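The values are calculated or read from the model by the stated rules, or taken from the named source; none is laboratory data. The shown structure was predicted, so the numbers you read here are calculated from the model rather than taken from an experiment. Here the Cβ positions follow ideal geometry from the backbone for every residue, glycine too, while neighbour counts run over all protein chains shown.
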Amino acid sequence: MKKHQFEVVVVGAGGAGLMAGLYASKSASTAVISKLYPARSHTGAAQGGIGAALGNLEEDHPEWHTYDTVKGADYIGDQDAIEFMCAEAPKIVYELEHMGLPFSRTPEGKIAQRPFGGHMNKNTNMPVRRACYAADRTGHMILQTLYQQSIKNNVTFFDEFQVMDLIRTEEGVAGVVALEIATGEMHVFQAKSIIFATGGWGRVWEITSNAYAYTGDGLAIALRRGIPAQDMEFYQFHPTGIYKMGILITEGVRGEGGVLINDKGERFMAHEGYAPRVKELASRDVVSRAMYLEMKNGRGIGGKKYIYLDVTPETVNKYAAIDGRTRPDGSPYVVTGEEILGKLPDIIDFCETYLGVNPVTDPMPVQPTAHYAMGGIPTNKFGEVVIDKDRTPLPGFFAAGENACVSVHGGNRLGTNSLLDIVVFGKHSGLKAAEHAKNTEYIPLPENPTEFAEAQLESIRNSQGTERIAEISKEMKEVMFDHVGVFRVEEGMRTAVDKIRELKERFKNIKLDDKGTQFNMELLNAWELSNLLDVAEVTAVSALNRKESRGAHARDDYPERDDEKWMKHTLAWQTEYGIKLDYKDVIFTKYKPKKRVY
Ligand SMILES: Cc1cc2nc3c(=O)[nH]c(=O)nc-3n(C[C@H](O)[C@H](O)[C@H](O)COP(=O)(O)OP(=O)(O)OC[C@H]3O[C@@H](n4cnc5c(N)ncnc54)[C@H](O)[C@@H]3O)c2cc1C
């Protein structure tokens with residue numbers, strides 16, 4: 001076992017982890033530990049943009065951004081944190097620009113902006129151009145820029161180290177335990193402040209836009225150490241994943257004028273009951289549900305479970321004319337194939353590679369895909385993890401990015417608000433963690449700090465059963481996609497809870513082929529599956545319990561939002577007797593709940 005000591009340890013090297021590490025390292029000794037080489041983090045896959053009310057192309061205000069986010073969240077987001085994030089947004093985008101991030105530009109050289117679902121201009125009541133982007137590679141550029149800055153600022157990286165445990169003693173949090181993937185050796189990192197920034201858990205579901213590494217490690221570790229998970233029932237399905245593969249087609253395609261078409265050739269989003277005003281640019285939960293209903297009623301293409309996303313210039317120009325859409329200078333919105341290619345180069349490349357379809361000439365077959373966790377480790381707006389309904393902080397423990405629940409996204413996240421969330425709360429958790437480290441001493445490590453992590457690995461490695469991880473994983477993904485997906489009912493969710501519990505039992509009886517120590521990915525994949533199973537159980541139980549429809553949590557048996565009974569956050573603890581639930585108030589500042597209309 002090797003020992004290390006840093007004032008601040010950050011787990012995860014995506015946008016949130018890098019920003020946290022960068023800011024913490026300005027005043028405290030800081031290490032960033034990542035199971036992936038940093039530049040491979042999922043932030044690099046983000047395409048569409050980062051939201052900030054710069055007002056470069058039309059009038060816009062952080063206040064409008066705040067309102068849209070509150071409304072998008074279906075009013076269950078904490079408004080103090082939302083106000084803070086939206087006010088910070090312009091500053092942080094300029095900060096990224098000054099770090100060297102190559103944003104796309106307007107002809108005058110300002111940062112270019114495009115519309116995204118749910119972001120509105122309050123004067124015109126139409127979608128506002130708020131998403132700042134670098135073509136369709138915004139996340140990639142954020143990740144590269146932050147990694148360069150971290151190297152420049154001498155942040156210490158431990159790449160390809162998988163964190164397996166949070167050391168929590170009676171005195172508080174003392175550090176983390178990590179396995180060096182190349183050698184199988186255990187490392188203990190003693191720290192005064194620990195920041196979890198391990199990303200999401202889309203791999204719980206069969207069809208997902210998420211990377212293979214999105215296995216909910218940080219959340220599962222926290223759950224095993226007695227920390228609750230918040231609002232797990234709110235999981236976002238992005239409307240446009242490539243059919244059967246889940247690979248994401250950015251909402252930016254709809255921002256550039258792409259439309260959704262059913263088997264009858266109709267642009268169904270314009271229908272009454274869906275979103276006649278903003279159509280494809282309604283919030284994601286609304287669009288995913290509309291697509292699901294079209295498919296359920298036999299209007300998927302060829303009766304199948306997909307819809308066409310059409311961004312061919314002919315279609316875009318036809319509907320832009322019907323909508324009366326204009327360019328910023330007031331001229332009619334007319335696009336050419338070349339412009340589409342210039343704005344969406346990677347999307348076109350994906351479609352040609354994976355589908356053999358060229359989006360400039362043909363529509364893309366798409367279906368909703370598991371995309372983003374609104375829930376996670378509960379924090380306040382400083383990134384401090386808060387562990388009960390009174391929001392009591394656990395000193396020294398922080399979380400930022402997709403694994404955290406601040407909660408700025410409430411029941412449904414707006415596109416471009418996650419890249420914003422990771423940089424804003426990454427930065428502030430880094431600052432707060434460094435401040436905490438300056439004012440406190442190291443907590444002594446327990447006698448055998450790696451005991452819990454080793455026990456988990458040994459029980460997997462030594463299991464002599466008959467079950468295979470691929471099979472357990474497949475059954476988990478299917479039951480979660482079928483029953484804890486876009487639409488939910490009591491019976492289905494019960495089936496899912498029972499199934500996940502059965503799979504957790506079967507997991508105890510697995511068998512691995514690789515008994516080695518070096519690069520034992522089979523062992524790590526098995527451990528990751530145990531994390532996914534824990535996360536799936538908490539998700540299904542939290543969902544089953546919430547008897548209303550709100551944001552991404554849509555129930556056929558309780559179709560209405562019920563503010564009287566359910567305007568509250570769910571907290572879920574993992575205990576030896578199963579999942580324990582409790583509730584926490586939502587923070588309101590200015591905006592009272594209203595019915596959402598798009
Ligand atoms: C395809 C796609 C497109 C998207 N497009 C957009 C967009 O246009 N705009 C937007 O706002 N949002 C978008 N999102 C969402 C957004 O990109 C993510 O929510 C965000 O990037 C998450 O950042 P993060 O730093 O929390 O996690 P990540 O970037 O995933 O980083 C997680 C880090 O944790 C590390 N890690 C995980 N587990 C462990 C462990 N056990 N030990 C050590 N390290 C660990 C990983 O190595 C990685 O470095 C998109 C998401 C996807 C999947």
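With the condition kept exactly as written, say whether any residue in the stretch 109-127 is within 16 Å of the ligand (Cβ to nearest atom), at pLDDT 95 or above, surrounded by 18 or more Cβ atoms within 10 Å (Cβ to Cβ) and farther than 26 Å from ALA39 by Cα. Yes: one or more hits. The residues of the stretch 188-225 that are away from the ligand (no atom under 13 Å from the Cβ) and either touching a helix residue (DSSP H, G or I) at 6+ places or on another chain (Cβ under 9 Å) or aliphatic (A, V, I, L, M) (or both), listed by number, are VAL188, ALA191, LYS192, SER193, VAL204, GLU206, LEU223, ARG225.
Could you tell me which of the residues VAL366, VAL357 is touching a strand residue (DSSP E or B) at 6+ places or on another chain (Cβ under 8 Å), more than 30 Å from ILE221 (Cα to Cα) and surrounded by fewer than 21 Cβ atoms within 10 Å (Cβ to Cβ)?
Just one listed residue meets the conditions, VAL357.
In the stretch 362-391, the residues that are within 24 Å of VAL70 (Cβ to Cβ) form Cβ pairs under 6 Å with partners that are in a strand (DSSP E or B) and among the charged types (D, E, K, R), at six or more places apart or across chains, as follows: LYS389/ASP582; LYS389/LYS584.
Can you tell me which residue within the stretch 484-536, out of those that are part of a loop (DSSP other than H, G, I, E, B) and of a type in the set (Phe, Trp, Tyr), is surrounded by the most Cβ atoms within 10 Å (Cβ to Cβ)?
Across the stretch 484-536, the extreme among qualifying residues is PHE487.
Residues in the stretch 438-451 that are in contact (Cβ under 8 Å) with a residue 24 or more places away in the chain and surrounded by fewer than 19 Cβ atoms within 10 Å (Cβ to Cβ): LYS438, THR440, GLU441, TYR442, PRO444, LEU445, PRO446. A Cβ distance below 8 Å, combined with a sequence gap of six or more or placement on separate chains, defines the contacts here; from the stretch 159-175, residues that are more than 14 Å from the ligand (Cβ to nearest atom) reach residues that are among the charged types (D, E, K, R) in the pairs ARG168/ARG225; ALA174/ARG168. Taking the stretch 147-190 and the strands (runs of 3 or more DSSP E) fully enclosed by it, the elements with 1 or more residues that are among the charged types (D, E, K, R) and over 16 Å from ARG40 (Cβ atoms) are at 161-169, 172-180.
Return the residue satisfying two criteria in turn: it lies in the stretch 574-593 and is charged (D, E, K, R) and part of a loop (DSSP other than H, G, I, E, B), and of such residues it is surrounded by the most Cβ atoms within 10 Å (Cβ to Cβ). Once the filter is applied, the top-ranked residue is LYS590. Residue count for the stretch 198-221 under the criterion of being among the charged types (D, E, K, R) and under 13 Å from the mean Cα position of the chain (by Cα): the result is 1. Residues that are under 30 Å from ILE181 (Cα atoms), in the same structural domain as LEU146 (by TED's automatic domain parsing) and within 16 Å of the ligand (Cβ to nearest atom) do not occur anywhere in the stretch 51-62. Counting only helices (runs of 4 or more DSSP H) wholly contained in the stretch 226-332, the ones carrying 2 or more residues that are away from the ligand (no atom under 16 Å from the Cβ) and under 25 Å from VAL204 (Cβ atoms) occupy 284-296. When the residues of the stretch 17-39 are filtered to those that are surrounded by fewer than 23 Cβ atoms within 10 Å (Cβ to Cβ) and farther than 25 Å from VAL188 by Cβ, the one that is farthest from the ligand (Cβ to nearest atom) is LYS26.
Scanning the stretch 451-476 for residues that are in a helix (DSSP H, G or I) and of a type in the set (Ser, Thr, Tyr) yields SER459, SER473. Per this entry, GLU251 is not counted among residues that are out of contact with any Phe, Trp or Tyr (no Cβ under 6 Å at 6 or more places or on another chain), outside the structural domain of LYS584 (by TED's automatic domain parsing) and at negative phi.
Going by the structure shown, is LEU571 among the aliphatic types (A, V, I, L, M), more than 18 Å from the chain's Cα centre (by Cα) and either outside any helix (DSSP H, G or I) or modelled with pLDDT under 95 (or both)? Answer is yes for this residue. Checked against (1) part of a strand (DSSP E or B); (2) over 21 Å from GLU233 (Cα atoms), TYR372 passes all but a single condition, namely (2). What are the residues in the stretch 176-197 that are among the small types (Gly, Ala, Ser) and within 18 Å of ASN403 (Cβ to Cβ), if any? Within the stretch 176-197, ALA178, ALA191, SER193, ALA197 qualify.
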